[in-house]
Amino acid sequence: MSKKFLSGNEAFAEGIRLARPQVISAYPITPQTIVVERLSEMVEDGSLNAEYVHVESEHSALSCAIGASAAGARAFTATSSQGLLYMAECLYYAAGGRFPIVMMNADRSTALPWNIYGDQRDSLSQLDSGWIQAYAENAQEALDLALMSYKIAENKAVSTPYMANLDGFILTHTYETVEIPDREQADRFLPPYETDNRIDFDNPKNMAFSAGPDTNYIFKYKEHEGVLAARDVINETEKEFAEIFGREYTGLTENYLTDDADYVIVTLGSIAGLCRETADKLREQGVKAGVVRIRYMRPFPNEELAEALKNVKAYGVLEKDISFGNEGTVFTNVNSALKKAGVNVPGYDFVGGLGGRNISPADIEKIYSDIEKGTDSVNFIGIGGGNNGK
Amino acid sequence: MANKVADSISREEFFYGHKACAGCGGSLAVRAALKVLGPNAVSVLPAGCMSAVGFNFPQLCFSNNSIISTFAGTASMLTGVEAGLRARGYKDFTAVGFAGDGGTADIGIQALSGAIDRNDNIIYICYDNEAYMNTGIQKSGLTPFGAKTTTTPAGANIHGNIRPKKNMFEIAAAHDIPYAATASVGYIYDFIQKVRKASQIQGTKYIHVIAPCPTGWGVAPDETVDIAKEVVDCGLWYLAEYENGEFRLNHKPKEFTSVEDYLKKQGRFKHLTDEDISIITASRDKKWEFINKNFEL
């Protein structure tokens, strides 16, 4: 183990180096670019033995990764925002083909208006693409997700591509001290990729085929099962990770002071830290505040959320997303989890941080107070609220 | 000649039992190319005719490793397959793509340009049937001037497609590609030789083969080979190579056969006026002026 002062992007690249991808397809886009820059340096200096392909677009980046995965190789690519949308066709393709590619996405706003800063509208728009979606809070978690991602994605029961999301700039470009596992330990944790879902000269295959109405839905059912299987595999992988590397993670969600909480903010990504700090401050004032950080949007933590929120007086979802004409998508997902579990507590949606707009400590305090007092169904922080079918 | 051609390729079938239309020129090109490249060819085919007729689970017809790519992603998936197999230590294989005219000249041109630019060790074969045939005969960037398609109707105001074919052969060559060639299923031995030559060259290889679609062209299924020969003989297509920075013409007709006869045999050109035909003939002559000046024989 060594320690380095790294940005989120650099930490993720370190994790990928330890994961030994065999093919990397690279295309630059702010704020992801530093990942592919660092990886190119690692290939150049010989510390990473991978085919590094300079593709000419994001569509080709993922198409190339799919081809490499179909050849049985461990494949990596990275993107952000417009790039993620441009490659969207290939997202569904990789998932349907059950190719366990890992991709880092630097969460960034989508045009128009143009904006390079962080929100989560890019990745949340692709929840239905069939990928596992993880959201990191800090650089250490980013590195650890990079290493764990392949082990989860490549698990035979899962065989699903994995998208690790880092908040653009706020996480990708801020520096912190990060522990880097030893190469030997990383190799012990993550063995080379073995699969039958590949080109095989002894037993030739026709891959990525068509399937008509009779069989298509069976493939889709199996795809759904694969993502669901990741629930247990994530927990098992984190357990093994903790045994080898000594850092513990908590599965699909991370709860903070929720056991006796009256008012809880459910959020995801790097803003969770500020929410926890605010909860601490409110606790000192006698308000029983708590935080649930969603670590995985797919598979979705239905049971975990119901368990964490069943005894609260009210909750709010803080998200950097809006599904225009309705509400934030995270809010929709959380509400569905509670409804299914029969948990009936008031909940409110707080949309903020779009296009990288700052969310201040005062904003978070106001969210807690709005939750306590009751507010509109959907609230744009600093602008106002409205009700859509409340 | 016929025996020589048959003897030069494998007796094995790699693309067999598919449901292509009778007389399909594209399937002939794929079948012949795979017989040249053998069992270690890995085929990448985008959404299009050849994947639609060959890959319907559980009826899968390729006996070599084959995979469908996204429509735009033939070349980029080829790149990934080649890099992935190489990274896993394989040496004795050929990554070959078979994409139609739309998949190549329209939606797939960016990925193709990228692959040539990287000089990835792949063979890219464009089987050109001159329209989006799989979706029912719509105009592509390689539909010739005057052709009637379901999106370029022939009426009193507009006589079918108003634009000439995009010049994919010279576009590929302009990347200074190690090897590019034109071919026609009407000259199958020439095509086979070019596929063989491509398999022996390192880097990116592009072969553009005319592959008539009887359904879309409005000819009888048993006329595919004849019409593919005639398009070369009348000078509207040509057999050439680009290698080591130079163009070479492989076949120079002593005298062109009639352009009008070639056109009028096909349903898609039936509507052409004498003036349309003279425009087509003039463009042929201009092209051959260029060929005679710039291509070695």
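The values are calculated or read from the model by the stated rules, or taken from the named source; none is laboratory data. Please read all numbers here as calculations on a predicted model, not as lab measurements. We place every Cβ from the backbone using ideal geometry, glycine too, and count neighbours over all the protein chains shown.
State whether one or more residues within region B:262-269 are surrounded by fewer than 16 Cβ atoms within 10 Å (Cβ to Cβ) and at pLDDT 95 or above. Yes - at least one qualifying residue is present in region B:262-269.
Within region A:240-270, the set of residues being charged (D, E, K, R) and over 28 Å from A:ARG357 (Cβ atoms) comprises A:GLU240, A:GLU243, A:ARG247, A:GLU248, A:ASP259, A:ASP260, A:ASP262. Looking only at residues of region B:107-125 that are farther than 16 Å from A:SER60 by Cα and out of contact with any Leu (no Cβ under 8 Å at 6 or more places or on another chain), we find that the one that is surrounded by the most Cβ atoms within 10 Å (Cβ to Cβ) is B:ILE125.
In region B:213-225, the residues that are hydrophobic (A, V, I, L, M, F, W, C) form Cβ pairs under 8 Å with partners that are at pLDDT below 95 and assigned to a helix (DSSP H, G or I), at six or more places apart or across chains, as follows: B:CYS213/B:CYS49.
Within region B:166-187, being crowded, with 21+ Cβ neighbours inside 10 Å and either assigned to a loop (DSSP other than H, G, I, E, B) or in contact with a helix residue (DSSP H, G or I) (Cβ under 7 Å, 6 or more places away or on another chain) (or both) holds for B:MET168, B:ALA172, B:ILE177, B:TYR179, B:ALA180, B:ALA181, B:THR182, B:ALA183, B:SER184, B:VAL185, B:GLY186, B:TYR187. For the residues A:ALA70, A:ALA78, the requirement of being within 7 Å of another protein chain (Cβ to nearest Cβ) and in contact (Cβ under 8 Å) with a residue 24 or more places away in the chain singles out A:ALA70. Looking across A:THR215, A:THR278, A:THR250, A:THR237, one residue alone is modelled with pLDDT of 95 or more, in a helix (DSSP H, G or I), surrounded by fewer than 16 Cβ atoms within 10 Å (Cβ to Cβ) and β-branched (Val, Ile, Thr). It is A:THR215. With the structure loaded, tell me whether B:GLN110 is within 10 Å of another protein chain (Cβ to nearest Cβ) and either within 25 Å of B:GLY141 (Cβ to Cβ) or touching a strand residue (DSSP E or B) at 6+ places or on another chain (Cβ under 6 Å) (or both) or whether it fails that test. Yes, satisfied. A search for C-beta distances below 7 Å between a residue of region B:267-292 that is farther than 14 Å from B:CYS234 by Cα and any residue that is modelled with pLDDT under 95 and among the acidic types (Asp, Glu), counting only pairs 6+ apart in sequence or on different chains, returns nothing. Please list, ordered by first then second residue, the pairs with beta carbon atoms under 7 Å, 6 or more apart or interchain, first in region A:48-64 and more than 7 Å from every other protein chain (Cβ to nearest Cβ) and crowded, with 22+ Cβ neighbours inside 10 Å, second in a strand (DSSP E or B) and of a type outside the set (A, V, I, L, M). Between residues of region A:48-64 that are more than 7 Å from every other protein chain (Cβ to nearest Cβ) and crowded, with 22+ Cβ neighbours inside 10 Å and residues that are in a strand (DSSP E or B) and of a type outside the set (A, V, I, L, M), the close pairs are A:GLU58/A:THR79; A:ALA61/A:SER25; A:ALA61/A:THR77; A:ALA61/A:THR79; A:LEU62/A:THR77.
Quick one: would you say A:GLU10 is surrounded by fewer than 21 Cβ atoms within 10 Å (Cβ to Cβ) and either without any contact (Cβ under 8 Å) to a residue 40 or more places away in the chain or more than 18 Å from B:ILE68 (Cβ to Cβ) (or both)?
Considered against the rule, which asks whether it is surrounded by fewer than 21 Cβ atoms within 10 Å (Cβ to Cβ) and either without any contact (Cβ under 8 Å) to a residue 40 or more places away in the chain or more than 18 Å from B:ILE68 (Cβ to Cβ) (or both), A:GLU10 comes out as no.
Taking the conditions (1) closer than 14 Å to B:LYS205 by Cα; (2) acidic (Asp, Glu); (3) more than 10 Å from chain A (Cβ to nearest Cβ) in turn, B:GLU82 satisfies each one other than (3). Put simply, of B:ALA147, B:ALA87 the only residue that is away from chain A (no Cβ under 14 Å), over 13 Å from the mean Cα position of the chain (by Cα) and not β-branched (Val, Ile, Thr) is B:ALA147.
One residue stands out in region B:241-280 among those that are touching a Cys at 6+ places or on another chain (Cβ under 9 Å) and of a type in the set (S, T, N, Q): the one that is farthest from B:GLN138 (Cα to Cα), namely B:THR257.
Being of a type in the set (D, E, K, R) and without any contact (Cβ under 8 Å) to a residue 24 or more places away in the chain is a description that applies to B:LYS91. Residues considered: A:ILE383, A:ILE371, A:ILE367. Of these, the only one that is surrounded by fewer than 17 Cβ atoms within 10 Å (Cβ to Cβ) and of a type in the set (A, V, I, L, M, F, W, C) is A:ILE383.
Residues in region A:162-214 that are in contact (Cβ under 8 Å) with a residue 12 or more places away in the chain, more than 14 Å from chain B (Cβ to nearest Cβ) and within 23 Å of A:ALA229 (Cβ to Cβ): A:TYR162, A:MET163, A:ALA164, A:ASN165, A:PHE189, A:LEU190.
The strands (runs of 3 or more DSSP E) located wholly in region A:342-390 that include 2 or more residues which are more than 27 Å from the chain's Cα centre (by Cα) occupy A:384-386.
Exactly one residue among B:GLY203, B:GLY267 is small (Gly, Ala, Ser), touching a strand residue (DSSP E or B) at 6+ places or on another chain (Cβ under 9 Å) and over 25 Å from B:LYS4 (Cα atoms), and that residue is B:GLY203. Taken as a whole, the condition of being of a type outside the set (D, E, K, R), free of Cβ contacts under 8 Å to residues at least 12 places away in the same chain and outside any helix (DSSP H, G or I) applies to A:GLY286.
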